[in-house]
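Here the structure is laid out as structure tokens; the discussion comes afterwards.
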Amino acid sequence: MKLKHLLAVAPALALAAGAVSAQTPIRMGQTITGRLQDSDPKADDDSFYDLYSYTGRAGEQIVITLRSGDFDAYLAFAPESEGFGEFGRSETDDDGAGGTDACLEITLPADGTYLIRANSLRAGETGEYTLQVGGDTACTGEHDQEASPVDVSRARPIRGGSEVRGELSAEDPVMSDRSHYDLYAYTGRAGERVRVRMRSAAFDTYLAFGQVTDGDFRSSETDDDSGGGTDSCLEVSLPSDGTYYIRANSLSGGQTGAYTVQVGGDAACSPGGSAGKAADTSPVDVSRARRLRLGQQVSGELTTRSPVLGDRSRYDLYSYAGRRGERIRITLESEAFDSYLSFGTVSGRSFQQTESDDDGAGGTNSRIDVTLPENGTYYVRANTLRAHDYGPYTVRVEAAPPPAARRPVRAGETVTGELEDTDPQAEDDTYYDDYVYSGKAGERLTITLSSDAFDAYLSFGRMGSGSFSSMETDDDGAGGTDSRLTVTLPSDGEYVIRANSMGKGTGAYTLRIESGGPAVSTKL
């Protein structure tokens, strides 16, 4: 089902304590017609809602459907005992009944009374709706999650830290709901945490992550809208070493168009559907900030007494006095919670975030490398990714390693290099060399990476906020274990060519850059 299961409430689900008493009872088999209006209570995102109560038994299975022709429906469900002040354990849905209607299938965990919130997806939406509770139907908007035969030979390799562009077309393989898909192969390690994001302005995206056995794709995780809007995002922990497959799909049949798939990246998935953890400018008390010094590691603990952000997550504030041009690395580690690290300045009492990170230090730990733009005092916010997480942590400041050197290259040039174990490492611990190419909009390049020492892997992209974002990647496009990309530059500027290996290989290689040449499609 296209459900967003929450372990902790997003800000949009917070309820004022007084609003919980304004409930309308609803029974099994009943359909109620209601209306959202501007006199109704508001959630924290300024969307209106009506509240209903349902009394049921442990193990009872119910289906809740919210339909409206006037607004995009949004459902929330939670135990009444946890609904005062905010939902604790809740389930939500946006489009589970198809179109813009919402649906939830629930198995009640215990006897008792539960809250149903009839809500709109966006602030300010009003209009009529129907709310139904049944027990013998299913959510009709469910996306096809049955095993479907796939041809893994058509799967395009994708690496951690890369972003690739694709396009769904009428020639792509099709699922039983008539939706098209492309397949990507990711090789990972046991215990590795992988984040996959799919974006498209052309259609409502749908992501599936899993493995293929005897030609059958078995999804372990799926998502519709956790990348924000109609974009998708998944975070998974790999159970074992091996090859996993990403199915880039549309929510509805017949939808086609361009999209991007990214593995890695800083922004976390949000079960509530927003694209990651947004910058929070909540007022801060700098008098409470603990001072950090270069080379220092301090221990702290987030508790219910720690200051709170708008998403109900707790944080501690630290200050660092730095010099212009100084490069520092800040690392936040905890075994108690999924850490989230923010860096910036304070203006008045408002925190102005310039950098943030979720899992940059591996696992659920965070890391930021930053070059200070000027002399002054900077602030570090040691935070949790999710609300209601607490526990001990450590935060450390040290000198950051110098940025990877990028050698300039020109069209028509062939360069010889060597990957060594002293080179910088990508997120998958492979070594790489970076080259910079200055080009013009519309210019077409063919780039070839060849090596007799290792399986070549080639990436092409740009630098942004100090990190590399790939636009195109290739493994074996030049035949054998050599790589080749043909790209058309979208704009004037500097681009980065990354010479890399498929495994943790080292040795000599040649990199050739040619201007023009036949277009090579990276489409499956």
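The values are calculated or read from the model by the stated rules, or taken from the named source; none is laboratory data. Model, not experiment: these values are computed from the prediction. Virtual Cβ from ideal backbone geometry, glycine too; neighbours counted across all protein chains shown. With ligands, DNA and RNA removed, areas are computed over all heavy atoms of the protein, side chains included. Shrake-Rupley method; radii C 1.70, N 1.55, O 1.52, S 1.80 Å.
Here are the numbers:
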quantity	calculated
Lys, Arg +1 and Asp, Glu -1 on Cβ, resulting dipole of the stretch 149-242 about Cα centre, debye, nearest 20	380
Whole-percent carbon and sulfur share, accessible surface of the stretch 178-254, 1.4 Å	41
Two-site label geometry, Val308 and Ala202: point separation in nm, points 7 Å out along Cα→Cβ	4.5
Calculated from backbone phi, Karplus (6.51, -1.76, 1.60) coupling profile of the stretch 340-355 in Hz, x at Gly/Pro	9, 10, 10, 9, x, 10, 10, 10, x, 10, 9, 7, 9, 6, 10, 9
Cα pair count fraction exceeding 25 Å, expressed as % - the stretch 390-493	29
Average projected area [Cα convex hull, the stretch 147-218], square nanometres	5.6
Mean accessible surface per residue for the stretch 356-445, computed with a 1.4 Å probe while every protein chain stays in place, in Å²	47
Förster radius 30 Å - calculated FRET efficiency between Glu514 and Asp421, Cβ distance, rounded to 0.05	0.50
